[in-house]
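To keep things clear, I will list the structure first and then write my remarks on it.
Here, each number is a calculation from the coordinates, and none is a lab measurement. Source: prediction; values computed, not measured. Please note: Cβ atoms are built from the backbone with ideal geometry, for glycine as well, and neighbour counts cover all protein chains shown.
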Amino acid sequence: MEIRSVAVIGGGTMGVGISRVIAGAGIAVYLCEKDRPAADDTREALARELDREMSRWTLTEPEKEAISRRIRIGFELNDAANADLTIETVTEDFELKCRVFARLDEVCGEGIIFITNTSTLSISELAAATKRPDRVVGLHFLNPAARTAVVEVIRGLATSDPTVAAVKAFAKQLGKTPIEVFEYPGYVTTRVMLPMINEAIHVVMEGVASAQDVDTAMKLGYNLEAGPLALADRMGLDEVMNWMEHLFHELGDLKYRPCPLLRKMVRAGRLGVKSGEGFFKYEKAD
């Protein structure tokens, strides 16, 4: 089916980024926040993001205006009933996500697909909280959503083939390359990347090389766009630690045990780009 309108439930970095990607593909977006103050904050965050893209010459003024016109920001969940598709991007809180899906179940038609952008929670468990588990699927956008070409389409135990096919087609409509993943902690991208980040932090902690030299070695040696430590700073070191602890708990594999230096930096509030300092220093959040 052709998707002409999407409801994104939850603002924040991912909600704004995903809404921008969808609107950039010519699709109308209703971005639903929890209340009026949150909606006002999200409106300002979207404006800053679009201005930032213009400053980098990756967006023109007409494109910015077109994207802005396609995104309507509000706080009435009932308005999501008019969308062809819903994407939940609220905080990684299982009970909160279940409440959102339960409310969407009430207002959305039976054929509407529910997408969650969770990076850690079980798709199957979230789907079981709805009356349409066959139409619940994960769609994991990496941050920054606008500049990352791949998305992971995650099947829960009950997710149907038509649902997966429809979401893959939607991802292609957005200009993304979808990969199909069967539910498992960390999926593909997070599971593979975290051990590399953790090992890079160990190398710094053990005094083998500086953070700058570790990143230079990995970028030039393996043709990466960003080194693992700069990537960790961009993700947020607190988020990296939370993901590692989740995988360590779920899988019991020592390769996911967070490096002591990572724990120390998080406790000190050195969280990366968002705090102004992590393994590197930053003038402002980017």
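Table for the structure above
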| item | result |
| --- | --- |
| Span per principal axis, largest first, for the Cα atoms of segment 184-286 (Å) | 36, 30, 26 |
| From the C-alpha gyration tensor of segment 200-244, square roots of 5λ in Å | 18, 14, 7 |
| Burial ordering of 208, 90, 167, fewest other beta-carbon atoms within 10 Å first | 208, 90, 167 |
| Burial ranking of peptide ranges 210-217, 13-20 (average Cβ count within 10 Å, highest at the top) | 13-20, 210-217 |
| Convex hull volume per residue for segment 43-87, taking Cα atoms only, in Å³ | 93 Å³ |
| Relative contact order (percent, whole number), the chain, Cα cutoff 8 Å, 6+ residue spacing | 13 percent |
| Space enclosed by the convex hull of the alpha-carbon atoms of segment 1-113, per residue, Å³ | 94 Å³ |
| Angstrom value of the Kirkwood radius, inverse mean 1/r, which spans all Cα pairs in the chain | 19.8 Å |
| Total lysine pairs under 24 Å (Cα atoms) in segment 5-182, excluding pairs fewer than 8 apart on one chain | 8 |
| Net charge dipole size for the chain [Lys, Arg +1 and Asp, Glu -1 on Cβ; Debye, nearest 20] | 280 debye |
| Within the chain, percent of DSSP bridges classed antiparallel, to nearest 5 | 20 percent |
| For segment 93-208: span of alpha carbons on each principal axis (Å, largest first) | 57, 32, 23 |
| Relative counts (whole %) of C-alpha pair distances in segment 159-213, using bins that are 5 Å wide | 4, 15, 16, 14, 13, 9, 9, 9, 6, 4, 0 |
